[in-house]
1. In segment 180-205, which residues are of a type outside the set (A, V, I, L, M), surrounded by fewer than 22 Cβ atoms within 10 Å (Cβ to Cβ) and within 29 Å of Leu80 (Cβ to Cβ)?
2. Restricting segment 224-240 to residues that are in contact with a strand residue (DSSP E or B) (Cβ under 8 Å, 6 or more places away or on another chain) and among the charged types (D, E, K, R), which is least open to solvent (accessible area, probe 1.4 Å)?
3. Looking only at residues that are touching a helix residue (DSSP H, G or I) at 6+ places or on another chain (Cβ under 9 Å), in a helix (DSSP H, G or I) and open to solvent by less than 20 Å² (accessible area, probe 1.4 Å) in segment 85-115, which one is farthest from Leu40 (Cα to Cα)?
4. From the set of residues in segment 2-53 that are at negative phi and assigned to a loop (DSSP other than H, G, I, E, B), which is most open to solvent (accessible area, probe 1.4 Å)?
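The values are calculated or read from the model by the stated rules, or taken from the named source; none is laboratory data. As the structure is a computational prediction, the values presented were derived from the model and not from experiment. Note: ideal-geometry Cβ built from the backbone for every residue, glycine included; neighbour counts use all protein chains shown. Surface accessibility is based on the protein's heavy atoms, side chains included, excluding ligands, DNA and RNA. Shrake-Rupley method; radii C 1.70, N 1.55, O 1.52, S 1.80 Å.
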Amino acid sequence: MSATEERREEEEARRHDTLLKLLDEVERQIREGRADARLLEAVRRLRPEDAVELVYWLDDKAEEMEEEGEDLGEEFWRALSKVEEAALPRIAEYVRQVAGVDVPLRARRGWTDRVIEALRGLPAAESFEEAMRRGMDEFLYALGDRYASGVVSWERFRGILRHVPVRLLLYRRNGSPRYLDFVVAAASVPGSYLSVRVSGDDKREDIDIDGILLPIQGGADDAVWNLLQEAESLPDDLMFVEVKGKQYIWLWWD
């Protein structure tokens, strides 16, 4: 091993130890219902990938505490929210690194209208199976003034992504991986497609990512493994399909 490689390993070990200490301090403070300025500043200085790891860990920890019957009061949730808020700029930087897209830190009223407009004009299919039979790679199941759902290419989704508030990428639905995990997978495998649902009304604007179509020849193995590792449950659909003469693997959480 070269001296440069040894230094890198030492730096990585120090970084890992620092992150573990920070996780311990985060847990201690939020259990006490607080998040002091020094802690929040340490979160803001994290490397982007470490900020993602912190928020993932924090959400999992809170869920574990709830399942164990711990009485988590309002002060706990306020402290947790402060820590997550401090991490959001670094997570946005992570999205920029992996996807080449600047995502907003805050929701901008009407952002779903712009997303829906970007999907308007795609062909319709009543089901995924019908779309596959017809050799369709992009299609919509439904489209309305304030609602759209369908499967879109990663290239199209990158244009959509610039409207999506970064906090929403930390969500998941029905045991799926977090939406950020889908974004990372699609960005890492050229020629991928994402299953999305977008809805907006006067009270709430939202987006869901519930599935992904990965080209097998594009190096999908690692992406599939990572998605299954990050998911809370196995996908409802996991199958191989052919689209326009190419083989894909489809993972979908209902």
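1. To start, the set of residues in segment 180-205 that are of a type outside the set (A, V, I, L, M) comprises 181-182, 188, 190-193, 195, 197, 199-205.
Retained after the next criterion (residues that are surrounded by fewer than 22 Cβ atoms within 10 Å (Cβ to Cβ)): 188, 190-191, 197, 199-204.
Matches in segment 180-205: Arg197, Ser199, Gly200, Asp201, Asp202, Lys203, Arg204.
2. Ranking the candidates gives Asp237 first.
3. Per the stated criteria, the residue is Val115.
4. To start, the set of residues in segment 2-53 that are at negative phi comprises 2-32, 34-53.
Next, only the ones that are assigned to a loop (DSSP other than H, G, I, E, B) stay: 2, 32, 34-36, 45-47.
Details: Ser2: 54, Glu32: 93, Arg34: 85, Ala35: 16, Asp36: 58, Arg45: 158, Leu46: 19, Arg47: 96 Å².
Applying the filter and picking the extreme gives Arg45.
Residue by residue, here is whether (1) open to solvent by 10 Å² or more (accessible area, probe 1.4 Å); (2) closer than 16 Å to Asp237 by Cβ; (3) hydroxyl-bearing (Ser, Thr, Tyr) holds:
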| site | (1), (2), (3) |
| --- | --- |
| Glu129 | yes, yes, no |
| Ala142 | yes, no, no |
| Val151 | no, yes, no |
| Asp222 | yes, no, no |
